[in-house]
């Protein structure tokens, strides 16, 4: 029997979910799990257990640039007291439990974890298409969440804070910027940071 590729990390992922899920659900509500970055937590843990280059690659495509921007905004806020990019304001909001806010530091750790995992098992280029599909579904689903949450920017864009009408146009613009710009750019970076997944020999299963 082949030993698991991630014998420790997969259990770390399960332990993380045991703390993360109830903490986030209690503080922010279940709708918060529709955010793409929060969906990534579940898919990454599944990818570690399944040892799936496809799942892990899709989440690397989805979170690499966005997670890096989140981390940069956090560091700039710590250094200058100003949110230069935005997206981490809630980390300083005392209305949320401190533990729950600290759990959001997974945005930093997940970047390192994904790069490490893909260096082990290789980047699967099909991850781009999978994440593009996930993004379209998640942005559309965000439209059914509370407008005040602005899940996946389904109600107002992240730069100009503008809502486009009709709603289907807004969803198309937000999802399109991810699918056509951010994700392809991230996939291009990943192809240079981590090795491609080794091709399976002809006739092998899977």
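Just so it is clear, none of the values below were taken in a lab; they were calculated from the coordinates. What you see is a predicted model; the values in this text were computed from it and never measured. All Cβ positions, even for glycine, are placed from backbone atoms using ideal geometry, and neighbour counts span all protein chains on display.
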I'd like to compare 182-192, 89-99, 51-61, 21-31: which one has the highest average count of other Cβ atoms within 10 Å, and what's the full order after that?
51-61, 182-192, 21-31, 89-99
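So for the stretch 1-97, what percent of the C-alpha to C-alpha distances run longer than 24 Å? If you can, show how the numbers build up before the last one.
Details: 1578 of 4656 pairs.
Percent of Cα pairs beyond 24 Å in the stretch 1-97: 34.
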Would you mind calculating the relative contact order of the stretch 9-193 from Cα pairs under 8 angstrom and at least 6 residues apart, reporting the percent as a whole number?
25
Dividing the convex hull volume of the alpha carbon atoms of the stretch 9-193 by its residue count, what do you get in Å³ per residue?
116
Stokes-Einstein D in µm²/s, Kirkwood radius over Cα pairs - the stretch 103-171 at 37 °C with 0.692 mPa s viscosity
230
If you line up the long axis of helix 127-142 against the longest principal axis of the chain, both from Cα atoms, how many degrees apart are they, to the nearest 10?
30
In degrees, nearest 10, the alpha-carbon axis of helix 53-80 is tilted away from the dominant principal axis of the alpha carbons of the chain by 40
Spread of Cα-to-Cα distances over 5 Å intervals beginning at zero, given as percent, for the stretch 1-46
5, 20, 27, 21, 12, 8, 5, 3, 1
How far, in degrees from 0 to 90, does helix 167-177 lean away from the longest principal axis of the Cα atoms of the chain, to the nearest 10?
50
